[in-house]
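**Q** This is the structure, below, for whatever I ask next.
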Amino acid sequence: MSNSGYVPNLPNKPLWLLAELTYACPLQCAYCSNPLEFAKYKNELSTDDWKRVLREARKMGAAQLGFSGGEPLVRQDLEELIAEARQLGFYTNLITSGLGMDEKRIKAFKDAGLDHIQVSFQAASEELNNLIAGTDAFRHKLEMARLVKKYGYEMVLCFVLHRQSIDQIRDVLELCVRLDADYVELATTQYYGWAYHNREHLLPTREQLQRAEPVAHEFQERLKGKMRIFYVVPDYYEVRPKACMNGWGAVFLTIAPDGTALPCHAARQLPGMELPNVRQHSVEWIWNQSPDFNRFRGFEWMKEPCRSCPEKEKDFGGCRCQAYMLTGDAANADPVCDKSPHHHVITDAIDRAARIAAGKESAAKPILFRNPRNSRALLDVGTTKPEASLPA
């Protein structure tokens, strides 16, 4: 057994359920992890469907529940779903931009039994925040953060860092101090979905990280006991991959707006997936018996160098989606690992990011903001394929 609690070759309990209630969102963030083709998924689960999913997942042992999207506030039945989750005994977390929320709704969430609200920001300055979000959202976010605390919630703020925003890290943390935040996640952009499409514009340079990391540690030390600050180096700059989802089908269960069940939010793109749906199958069958959730469990599926690696019980070979996007084969070692024969794909991306940031090269394509129009355009030209089988 590994330190994560994952038992190889045996399905564990789905302890964390992520309910992606909708792909609708008033923001247009270029780093969104939603699928590029989200515009084609229109048939959202009904309130009764979601209630059944919550009951089935809770019966299996799920304890943590995240309401996400898109923007979950778009769903007018959110309060009803929160109340159902409270009755079932979930610890509930709302992951939101704050748009669509007001004091009346925060009070309704409190009355329904919501445990936790995380408000996301795009940057520390109004100008950059609104530019990245594609809408005038900054002042409303500030107001929502303050109201969240007024109603007895801990203030949990999330700032997504990338090349366009990471140099504001000191301003970000000073803003968090002014807002009297309790928890701050300096969330490194993960390159899936829209973020992967826009990676040339978003991947920070090594020099930016070298400037940012000491600032994060300075504030962590300065605010110890007052504010918890979470900062993680982007995995592109590591030499070992992250233990993605603590192992495939080990702890996390994601249900997409249309009812598709996923071992992680990016798994739609993997070839050969049958993608079980909660409309046709129970959560119990999906978790324990579906081919997709058993596909990368344990270690039998692994190729070298992962199969003989002594660290495989720590990182499980890394991220299957990242392996597919960057090498064309989901069973390959995650290229983040410097033992991978495809590691050069990562170092090449880092080098190219540095040249683009320095103005020595131009990005191959303009930055593309996440919205239904652009999603439909990408579907028309078919840009959801991996980088391909790149030579070692």
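The values are calculated or read from the model by the stated rules, or taken from the named source; none is laboratory data. Please read these numbers as outputs of a predicted model, since none were measured by experiment. Here Cβ is always computed from backbone atoms with ideal geometry, including for glycine, and neighbour counts include all displayed protein chains. These accessible areas exclude ligands, DNA and RNA; they are computed on the full protein's heavy atoms, side chains included. Shrake-Rupley method; radii C 1.70, N 1.55, O 1.52, S 1.80 Å.
**Q** With GLN28, GLN76 as the choices, which residue is of a type outside the set (A, V, I, L, M, F, W, C), over 29 Å from TYR191 (Cα atoms), part of a loop (DSSP other than H, G, I, E, B) and at pLDDT 95 or above?
**A** Among GLN28, GLN76, only GLN76 is of a type outside the set (A, V, I, L, M, F, W, C), over 29 Å from TYR191 (Cα atoms), part of a loop (DSSP other than H, G, I, E, B) and at pLDDT 95 or above.
**Q** Say whether the condition of being crowded, with 21+ Cβ neighbours inside 10 Å, part of a loop (DSSP other than H, G, I, E, B) and polar (S, T, N, Q) is met by at least one residue in the stretch 105-126.
**A** Yes: one or more hits.
**Q** Let me ask something additional. Could you tell me whether the stretch 53-61 includes any residue that is outside any helix (DSSP H, G or I) and touching an Asp or Glu at 6+ places or on another chain (Cβ under 7 Å)?
**A** Yes, some residue in the stretch 53-61 is outside any helix (DSSP H, G or I) and touching an Asp or Glu at 6+ places or on another chain (Cβ under 7 Å).
**Q** Inside the stretch 139-151, can you point out the residues that are in a helix (DSSP H, G or I) and surrounded by fewer than 19 Cβ atoms within 10 Å (Cβ to Cβ)?
**A** ARG139, HIS140, LEU142, GLU143, ARG146, LYS149, LYS150
**Q** Does ALA267 fit the bill of being closer than 21 Å to ASN12 by Cα, of a type in the set (A, V, I, L, M) and either crowded, with 16+ Cβ neighbours inside 10 Å or over 16 Å from the mean Cα position of the chain (by Cα) (or both)?
**A** Yes; evaluated as a whole, the condition is true for this residue.
**Q** Test of understanding: among LYS59, LYS42, which residue is open to solvent by 10 Å² or more (accessible area, probe 1.4 Å) and at pLDDT below 95?
**A** Result: LYS42 is the single residue among LYS59, LYS42 that is open to solvent by 10 Å² or more (accessible area, probe 1.4 Å) and at pLDDT below 95.
**Q** Of all residues in the stretch 303-328 being open to solvent by 20 Å² or more (accessible area, probe 1.4 Å) and among the small types (Gly, Ala, Ser), which is farthest from the chain's Cα centre (by Cα)?
**A** Across the stretch 303-328, the extreme among qualifying residues is SER308.
**Q** Next question, about the same structure. Exactly one condition in (1) within 23 Å of the chain's Cα centre (by Cα); (2) surrounded by fewer than 17 Cβ atoms within 10 Å (Cβ to Cβ); (3) within 16 Å of THR22 (Cβ to Cβ) is false for TYR91; which is it?
**A** Single failed check for TYR91: (3).
**Q** While we're looking at this one, here's another question. Condition first: closer than 20 Å to GLN118 by Cβ and among the β-branched types (Val, Ile, Thr). Now tell me which residues in the stretch 223-237 satisfy that.
**A** Scanning the stretch 223-237 gives ILE229, VAL232.
**Q** Testing GLU218 on (1) surrounded by fewer than 22 Cβ atoms within 10 Å (Cβ to Cβ); (2) over 19 Å from the mean Cα position of the chain (by Cα); (3) over 30 Å from LEU179 (Cβ atoms), one condition comes back false. Which one is that?
**A** (3)
**Q** For the list (1) open to solvent by less than 40 Å² (accessible area, probe 1.4 Å); (2) in contact with a His (Cβ under 7 Å, 6 or more places away or on another chain), I need the number of the one condition that SER33 fails.
**A** For SER33, the exception is condition (1).
**Q** Let me ask something additional. Taking into account only those residues within the stretch 227-255 that are open to solvent by less than 10 Å² (accessible area, probe 1.4 Å) and more than 28 Å from CYS176 (Cα to Cα), which is nearest to the chain's Cα centre (by Cα)?
**A** Among those that are open to solvent by less than 10 Å² (accessible area, probe 1.4 Å) and more than 28 Å from CYS176 (Cα to Cα), it is THR254.
**Q** Another question about this same structure. Among the listed residues GLY259, GLY318, identify the single one that is touching a residue at least 24 places away in the same chain (Cβ under 8 Å) and over 25 Å from LYS40 (Cβ atoms).
**A** GLY318
**Q** Same structure again: Would you mind telling me which numbered condition in (1) at pLDDT below 95; (2) at positive phi ASP180 fails?
**A** Condition (1) is where ASP180 drops out.
**Q** Now for a separate question. Within the stretch 273-302, how many residues turn out to be outside any loop (DSSP other than H, G, I, E, B) and either open to solvent by less than 10 Å² (accessible area, probe 1.4 Å) or in contact with a strand residue (DSSP E or B) (Cβ under 7 Å, 6 or more places away or on another chain) (or both)?
**A** 6
**Q** Here's something else I'd like to know. Between residues in the stretch 193-218 that are at positive phi and residues that are surrounded by 19 or more Cβ atoms within 10 Å (Cβ to Cβ) and in a helix (DSSP H, G or I), which pairs lie under 9 Å by C-beta distance while being six or more apart or on different chains?
**A** From the stretch 193-218, the pairs are GLY193/PHE38; GLY193/GLN269.
**Q** Please go through (1) small (Gly, Ala, Ser); (2) loosely packed, with under 13 Cβ neighbours inside 10 Å; (3) modelled with pLDDT under 95 for ALA377 and return the number of the only condition it doesn't satisfy.
**A** Just one mismatch for ALA377, condition (2).
**Q** Among GLU174, GLU154, GLU185, which is the only one that is over 25 Å from PRO214 (Cβ atoms) and either open to solvent by 50 Å² or more (accessible area, probe 1.4 Å) or among the hydrophobic types (A, V, I, L, M, F, W, C) (or both)?
**A** GLU154
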